[in-house]
Amino acid sequence: MSAARTGRIRPPGGRPFLLTLAVAVAVGLGVALLWQDREEGPAAVEEAGPVVDVEAWSVRLRQRATDGDQWWLNADHAAHFPEHGYTRLRTVHLEVSRPSGPPLTVRSRTGRVADDSNQVTLKGDVRVTDPEGYRMTTKTLHYFPDEQRARTNDPVRVTAEFGTADGIGATVWTDERRVEIHEQVNTTFWKIPRGSG
């Protein structure tokens, strides 16, 4: 029996039209649900993780301590986390002034500055350079401006004009041009150090 005899009117195209309409509605609902998840996703991540209140690129920080070193710090990116009380840094270059001579410099991939103490923590391929003395490499370095020293508990390598020294942990006195390796020290000399004989 045809549609004309029953009195029902079919839309042009018949069933393919209904199928296309059903697929379009399903796709529309799917896109709407994905969009809703996308909008809620960052909010859920933000609630679960630390909240950033200030972010900046190509940053230069300067700290003038009353009883310690004066330092400057350049970073490609900085983000402040008020709940945790620190600023996280990326691609860091720290310079520490000294009573005489050029500044001590430290470079690292990442870093952090504490809000309350201005303690600087540097991580990832940390390279300390005293232009008039030595170079030291390690994984992590904690710099305490008020104490005029920096410290690590990680393996270190110190290179100077007279040789190299490897060990575990070290303390760097920023104003005295001195570094002390804590333990498991292994030294190789290729030249007698100046002033040692």
Exercise for review: Go through (1) open to solvent by 50 Å² or more (accessible area, probe 1.4 Å); (2) over 21 Å from the mean Cα position of the chain (by Cα) and name the single condition residue 95 misses.
Suggested key: (2)
Check your understanding: Hey, any hits in segment 30-43 for a residue that's modelled with pLDDT under 90 and either basic (Lys, Arg) or in a loop (DSSP other than H, G, I, E, B) (or both)?
Key -> yes
Practice item. Can you tell me which residue within segment 151-194, out of those that are open to solvent by 60 Å² or more (accessible area, probe 1.4 Å) and of a type in the set (Asp, Glu), is nearest to residue 104 (Cα to Cα)? Key: 176
Point to revise | Qualifying residue in segment 115-133 (condition: at pLDDT below 90 and in contact with a helix residue (DSSP H, G or I) (Cβ under 7 Å, 6 or more places away or on another chain)) | key: yes
Check your understanding: Quick one: how many residues across segment 121-150 are assigned to a strand (DSSP E or B) and open to solvent by less than 90 Å² (accessible area, probe 1.4 Å)?
Key -> 18
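So that you can scan it fast, the table gives a plain yes or no per residue for (1) touching a Ser or Thr at 6+ places or on another chain (Cβ under 6 Å); (2) acidic (Asp, Glu):
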{"residue": "76", "(1), (2)": "yes, yes"}
{"residue": "86", "(1), (2)": "no, no"}
{"residue": "94", "(1), (2)": "no, no"}
{"residue": "99", "(1), (2)": "no, no"}
{"residue": "106", "(1), (2)": "no, no"}
{"residue": "124", "(1), (2)": "yes, no"}
Review point. Mind checking which residues of segment 98-119 are open to solvent by 30 Å² or more (accessible area, probe 1.4 Å) and farther than 21 Å from residue 179 by Cβ?
Key: 109, 110, 112, 115, 116, 117, 118
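The values are calculated or read from the model by the stated rules, or taken from the named source; none is laboratory data. Here the structure is a predicted model, which is why all the values come from computation and not from measurement. Every residue, glycine as well, gets a Cβ built from its backbone with ideal geometry; the counts of neighbours run over all protein chains shown. For accessibility, only protein heavy atoms count, side chains too; no ligands or nucleic acids. Shrake-Rupley method; radii C 1.70, N 1.55, O 1.52, S 1.80 Å.
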